[in-house]
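Comments concern the structure below.
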Amino acid sequence: HAGLTWTGFRPSDDECVFGYLIPANMFAVVVLKYMSEMLVQVWSNPGLAQKAFKLAQDIDRGITQYGIVHHDIYGKIYAYEVDGNGNYLLMDDANVPSLMSIPYLGYDYDEQIYQNTRRFILSKDNPTYQHGSSVQKGVTTQFQGYG
């Protein structure tokens, strides 16, 4: 039990290599916490709110346990996908949710790990980072230049 939610496809509709998409799990944590607030304030259902909050905590623990990996150059970074058994994929996708969009999602992230991840994402070490001329740089999706 990894504590993460399984995903078959990325936001770009590419098939996942590993079933646990870390940015989607981060987004789920944010939404579940909002849901728990609404369940108390709007629907007066503290029991269900508690379940939603516990699920958010379980997923967040899974992100911390499996979604943070050590990179030889960048140090601790967030993996894009993991399998919960120690295997992971390092990349990012141009769509949201993505690792680059962590602050936008509202996820409570570790600033140093995010900055390390961002440096990785915007480097030649990221297989989905493409660059041409000085103005043609950015993260693409798998079917747009990766592989």
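Here are a few things to note about the model shown:
- Mean separation of Cα contacts under 8 Å, 6 or more apart, over the residue count of the chain: relative contact order %: 23 percent
- Added length on full extension, which subtracts the Cα-Cα distance from 0.36 nm per residue, residue 124 to residue 58: 20.4 nm
- The Cα trace of the chain gives Rg and Dmax of 16.2, 56 Å, the first to one decimal, the second as a whole number.
- Rounded to the nearest 20 debye, the dipole magnitude of the chain is 200 debye, with +1 charges on Lys and Arg beta carbons, -1 on Asp and Glu beta carbons, and the Cα centre as origin.
- Under the membrane-span-like helix rule (DSSP H runs whose alpha carbons stretch at least 27 Å along the helix axis, mean Kyte-Doolittle hydropathy 0.5 or higher), the chain yields 22-41.
- Extension gain, residue 17 to residue 87, is 24.2 nm, computed as 0.36 nm per intervening residue step minus the present C-alpha separation.
- Extended-chain gain in nm, criterion 0.36 nm per residue less alpha-carbon gap, residue 38 and residue 50: 3.2 nm
- Sparsely packed loop sites in region 3-81 (the chymotrypsin sites (Phe, Trp or Tyr not before Pro) outside DSSP H, G, I, E and B with at most 12 other Cβ atoms within 10 Å) comprise 43.
- The apolar share of the surface of region 1-115, taken as the fraction of accessible area on carbon and sulfur atoms (1.4 Å probe, ligands and nucleic acids excluded), comes to 54 percent.
- Taking every lysine pair in the chain that is 8 or more places apart or spans two chains, those with Cα atoms closer than 23 Å amount to 4.
- Ranking 65, 78, 107 by Cα position along the charge dipole of the chain, where only Lys, Arg, Asp and Glu carry charges on their C-beta atoms, puts 107 farthest toward the positive end.
The values are calculated or read from the model by the stated rules, or taken from the named source; none is laboratory data. Computed from a predicted model, the values in this text were never measured in an experiment. Virtual Cβ from ideal backbone geometry, glycine too; neighbours counted across all protein chains shown. Note: accessible area is taken over every heavy atom of the protein model, side chains too, but ligands, DNA and RNA are not part of it. Shrake-Rupley method; radii C 1.70, N 1.55, O 1.52, S 1.80 Å.
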